[in-house]
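Q: The following block contains the structure, expressed as structure tokens.
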Amino acid sequence: MSRINSPVELEEYRKGLLSQRDPNKPCITLCSGSACHATGSGDVAASLEEELQKQGLSDQVDIRRTGCHGFCERGPIIVIHPEEIGYFQIKPEDVPEIISETIKEKKVIERLLYTDPDTKEKIVHESEIPFYKHQERLVFGSNGSIDPKSIDDYLAIGGYSALNKALSGMTPEQVVEEVKKSNLRGRGGGGFPAGRKWEGSRNDPEPIKYVIVNADEGDPGAYMDRSLLEGNPHAILEGLTIGAYAIGSHEGYIYVRQEYPLAVENVLLAIKTAEEYGFLGKNILGSGFDFIVKVHQGAGAFVCGESTALMTALEGRVGEPRPKYIRSNIKGLWEKPSVLNNVETWANVPLIINKGADWFRQYGTEGSKGTKIFSLVGKIVNTGLVEVPMGMTLRDIIFKIGGGIPGGKAFKAVQTGGPSGGCIPEELLDLEVGFDELSKAGSMMGSGGMIVMDEDTCMVDVARYFIAFLTDESCGKCVPCREGLRQMLKTLTNITEGRGKEGDIELLKELSETAKEAALCALGKSAPNPFLSTLRYFRNEYEAHIKEKKCPALSCKELIAYHIDPDKCKACMICARKCPAEAIDGGKNRIHIIDQEKCTKCGTCFEVCPTRFDAVTKISGEPVPSPIPEEERIIKRKSKEK
């Protein structure tokens, strides 16, 4: 491939590319993101190639290993085009049947289709599955149709046309104005308007400026940025290059977690091919604009997701935040104007330039425009990545897309915004998702983590868990975060272990207020959110732990006990055999008893007791049944005649 040197050459190349592609030719797209790779998509890919060759179809059928399709728990996923037949949880042994039946005979294999859990209906087309049909996949949709290692695949769907439009038909000021008009807000946490950030750097007289992609995605359960970088790296490069042109930058960085090897591999390849094609480097598309991109792999510190800490790490120093006396878009990397946005924000830019700010603004609420990608995880039927328009309610996301709560359990709360986010209760399920709406509810948008919790979740322990995570990840530079979080964790741990006392809630509130006011960076300022939101909506659970020494959710080990109901015990001996602490006394025809002194409260007996007996129960607090006299422990069984 020779370098593309002008807008005309780009469109000619694109036309030639499309003319060589038959839209009716069978194409098998196989999800090959990290999640599907972990469940065997590599083996499925090898089986597909082998079987097509065996049946003499290698030239007649294309295989495209794509990025993440989003429905991660159902992987590996195959979609066969042009019919759009979706097969889920594919194994290598399914491949011969897929080739023989679906590719050759055009027959649908029902056992591989998605089954609607409510209607029991088999759904043939991927887009008609409830998980997908309620989404608006503007940014994420291309992930399932292109090979991230192929720049031609990206060009075939219109890739780099936005860059072409910006360089050949718009001034840098016009690009900034279009992004401002769209009201694109940063998808990485703070939700600051991207156009205003760009404008500040653009107007600064300093000649050296930088653009940065924040791909340091450290929130537990969040993997939106990883999947975009893995599945469509050129979209991020295109958005970054447009941003660089807009502010007058000639050097950009992608700061990516070292734990994302596939994302690193794909983005490095994308940079190399973009340079070869002329979309990066000197005189891009003959415009006279020069721009290069470098990749920096982070060392895994959660705090480096904060903008100034990330820039400090890029400079080769310890990743610690610094005071923002002057915003980073004026004095950032090496004290130069620096525009930093996360992966998803940059991926929106080509769409805005291509389709216009007015098109983008048709999605969303008054203050939050466009769509947002969430990682929907936790106690929910359908886990995975979902992209929805801003303004969709939490109820619709959790129940229409997520399929509700498994096992007939009741919904209790959803935690949004990562470890520094808040927990939103059932009474706010009709809250519209948006930056301002979530903040008013005591949570935040964050990067897009969404963890669903059911009735068995202890909200005090949830707060303790997230404060523990943030305590570990604090850089320790400022006292309110370093010492305040340690004290919060100590107090919350005491409460969950039955050592809570009057005044603990007031102490936690005081520590929270201090951190919010005095911490150096956003990590410390937002760290109290898990406690404050759970106290706001679930104060009764805190009071039960402290005053009654009980855990209403029967979750905190130190505040529960396991008990075998003598009226239900059938002396099957399963629990006694499985108990790792040998704390269960019982034998054949003898009612079992748990020795509370030996019991480690691991819950094994509760899990293994047959549901038809349901003899083992969890009880809150300290009450332990009196020992049953030996003569009463003999189970009196009914005779066969009766």
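Q: Could you tell me which of rounded, prolate or oblate describes the range 159-290, using a ≥ b ≥ c as the square roots of the eigenvalues of the alpha-carbon gyration tensor, with rounded for a/c under 1.5 and, failing that, prolate when a/b is larger than b/c and oblate otherwise?
A: Numbers: a/c = 1.88, a/b = 1.23, b/c = 1.53.
Judged from the Cα gyration tensor, the range 159-290 comes out oblate (a/c at least 1.5, b/c at or above a/b).
Q: Just to check I understand the Karplus step: with θ = phi - 60° and J = 6.51 cos²θ - 1.76 cosθ + 1.60, what whole-Hz values come out for the range 434-445, glycine and proline as x?
A: Along the range 434-445, the couplings run x, 4, 6, 5, 5, 4, 4, 7, x, 10, 6, 6 Hz.
Q: Straight-line reach from K570: which lysines fall under 17 Å, measuring Cα to Cα and dropping same-chain residues less than 8 apart?
A: Qualifying lysines at Cα under 17 Å: K578, K588, K636, K638, K640.
Q: Quick check: from the Cα gyration tensor, does the range 151-200 come out rounded (a/c under 1.5), prolate or oblate?
A: In terms of gyration-tensor shape, oblate.
Q: From the P(r) of the range 396-437, can you give the percent of Cα pairs sitting at distances over 15 Å? Walk me through the numbers on the way to the answer.
A: Values: 399 of 861 pairs.
Result for the distance tail: 46 percent.
Q: Based on the mean of other Cβ atoms within 10 Å per residue, sort peptides 513-526, 599-612 so the most packed one is first.
A: Working: 513-526: 19.9, 599-612: 15.1.
Result, highest mean Cβ count within 10 Å first: 513-526, 599-612.
Q: Leaving out ligands, DNA and RNA, what percent of the accessible area of the chain is carbon and sulfur, probe 1.4 Å?
A: 49 percent
Q: Using the charge dipole of the range 170-315 (Lys, Arg: +1 at Cβ; Asp, Glu: -1 at Cβ; taken about the Cα centre), state which of A194, I242, L280 has its Cα farthest towards the positive end.
A: The residue sitting most towards the positive pole is A194.
Q: Further, regarding this structure: Given labels modelled 7 Å from the Cα in the Cβ direction, how far is it in nm from V124 to R539?
A: 5.7 nm
Q: Mind checking which aspartates and glutamates have their C-alpha under 14 Å from K324, skipping anything on the same chain fewer than 8 residues away?
A: Once the sequence-local aspartates and glutamates are set aside, what remains near K324 is E306, E335.
Q: Something else about it: Which value in deg cm²/dmol, rounded to the nearest 500, describes the helix-derived mean residue ellipticity at 222 nm for the chain, given -39,500 (n - 2.57) per DSSP H run of n ≥ 4 and division by the residue count? Working shown, then result.
A: Details: 22 runs with 222 residues, N = 642.
When only DSSP H runs of four or more count, the value is -10000 deg cm²/dmol.
Q: Taking 7 Å along the Cα-to-C-beta vector as the label spot, tell me the R577-D430 distance in nanometres, rounded to one decimal.
A: 5.3 nm
Q: Largest first and in whole Å, what are the equivalent-ellipsoid semi-axes of the chain based on the Cα gyration tensor, each being the root of 5 times an eigenvalue?
A: 49, 35, 19
Q: What pairs from K25/K106; K122/K400; K412/K509; K197/K336 go past 19 Å between their alpha carbons? Intermediate results must be reported in sequence, preceding the final value.
A: Values: K25/K106 13 Å; K122/K400 17 Å; K412/K509 23 Å; K197/K336 14 Å.
Distance filter (> 19 Å) returns K412/K509.
Q: Starting from 0.36 nm per residue, how many nanometres of slack lie between A156 and D22 once their C-alpha separation is accounted for?
A: Details: separation 134, 0.36 × 134 = 48.24 nm, distance 1.19 nm.
Contour length minus Cα-Cα distance gives 47.0 nm.
Q: Send over a whole-number figure in Å² for the accessible area per residue of the range 484-642, probe 1.4 Å.
A: Result: 58 Å² of accessible area for each residue.
Q: Cross-link list K133/K181; K440/K550; K294/K477; K149/K369; K501/K618; K54/K104: which exceed 20 angstrom alpha carbon to alpha carbon?
A: K133/K181; K440/K550; K294/K477; K149/K369; K501/K618
Q: Might you tell me the accessible area per residue for the range 324-389, computed with a 1.4 Å probe and given in Å²?
A: Value returned for the range 324-389: 33 Å² of accessible area per residue.
Q: Just tell me which aspartates and glutamates come within less than 15 Å, Cα to Cα, of K516; anything on the same chain fewer than 8 places away is out.
A: Within the straight-line cut-off, K516 pairs with E483.
Q: What's the angle, to the nearest 10 degrees (0 to 90), between helix 233-247's Cα axis and the longest principal axis of the chain?
A: Tilt relative to the chain: about 60 degrees.
Q: For the range 511-596, report the translational diffusion coefficient in µm²/s to the nearest whole number, using Stokes-Einstein at 25 °C, 0.890 mPa s, and a Kirkwood Rh over Cα pairs.
A: For the chosen part, D equals 147 µm²/s.
Q: Could you work out the relative contact order of the chain? I mean the mean sequence separation of Cα pairs under 8 Å and 6+ apart, divided by the number of residues, in percent. Provide the component values of the computation, followed by the final result.
A: Numbers: 1298 pairs, mean separation 69.4, N = 642.
For the chain, the relative contact order is 11 percent.
Q: How many angstrom lie between the C-alpha centres of the range 381-445 and the range 320-345?
A: One Cα centre to the other: 30 Å.
Q: For A299 and S6, compute 0.36 nm times the residue count separating them, minus their Cα-Cα distance, and round to one decimal in nm.
A: Gain on stretching A299 to S6: 101.5 nm.
The values are calculated or read from the model by the stated rules, or taken from the named source; none is laboratory data. No experiment lies behind these values; they were computed from the predicted model shown. Virtual Cβ from ideal backbone geometry, glycine too; neighbours counted across all protein chains shown. Remember, those area values only see protein heavy atoms, side chains included, never the ligands or the DNA or RNA. Shrake-Rupley method; radii C 1.70, N 1.55, O 1.52, S 1.80 Å.
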